[in-house]
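Below is one structure, written out as structure tokens, with a few remarks after it.
The values are calculated or read from the model by the stated rules, or taken from the named source; none is laboratory data. Just so it is clear, the model here is predicted, and its values are computed rather than measured. Neighbour counts are summed over all protein chains in view; Cβ atoms, including those assigned to glycine, are modelled from backbone coordinates with ideal geometry. When the accessible area is computed, the model is the full protein with side chains, heavy atoms only, and any ligands, DNA or RNA have been set aside. Shrake-Rupley method; radii C 1.70, N 1.55, O 1.52, S 1.80 Å.
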Amino acid sequence: MSRSNNKNKIIELYDVITPTILLWGEHLHQRLLIVGDESKEKAQLQLVEHLAQLADIKHGSEILDIGCGMGGSSLFLARNY
């Protein structure tokens, strides 16, 4: 299979799954409950922040996003770190 065919398959996959992904939210991963009653959105951000701290991401760090859903977490990191 040629690379162009692979690219088209990826595009087709995202076209099919995007409506389902959008139901999950901006961040395509699980969540971190700290208090226990956080909204899905807040708990997802808590996970991104927790992982950023564990990875010791600092202001001005460069982060490579490779196939990480719709890019919500990368956009959050870019705005906040």
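What FRET efficiency, computed as 1/(1 + (r/R0)^6) with R0 = 30 Å and r the Cβ-Cβ distance, is obtained for residue 38 and residue 66, rounded to the nearest 0.05? Write down the numbers at each step before the final one.
Working: r = 28 Å, r/R0 = 0.94.
Calculated value: 0.60.
Ranked from the most accessible area to the least, with a 1.4 Å probe and all protein chains present, what is the order of 16, 48? Show your work: numbers first, answer last.
Numbers: 16 110, 48 10 Å².
Correct descending sequence by accessible area is 16, 48.
By accessible area of protein heavy atoms, probe 1.4 Å, what ranking do 59, 50 get, highest first? Please list the in-between numbers first.
Working: 59 170, 50 75 Å².
The most accessible residue leads, giving 59, 50.
Could you sort 49, 26 by accessible area so the largest value comes first, with the probe set to 1.4 Å?
On the way: 49 75, 26 95 Å².
These residues rank, largest area first, as 26, 49.
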At a threshold of 8 angstrom on Cα-Cα distance, excluding pairs fewer than six apart, so keeping six or more, what relative contact order does region 26-81 reach in percent?
43 percent
Lysines near residue 58 by alpha-carbon distance under 22 Å, same-chain residues fewer than 8 away left out - which ones?
42
Got a number for the accessible area of residue 57? Probe 1.4 Å, square angstrom, nearest 10.
40 Å²
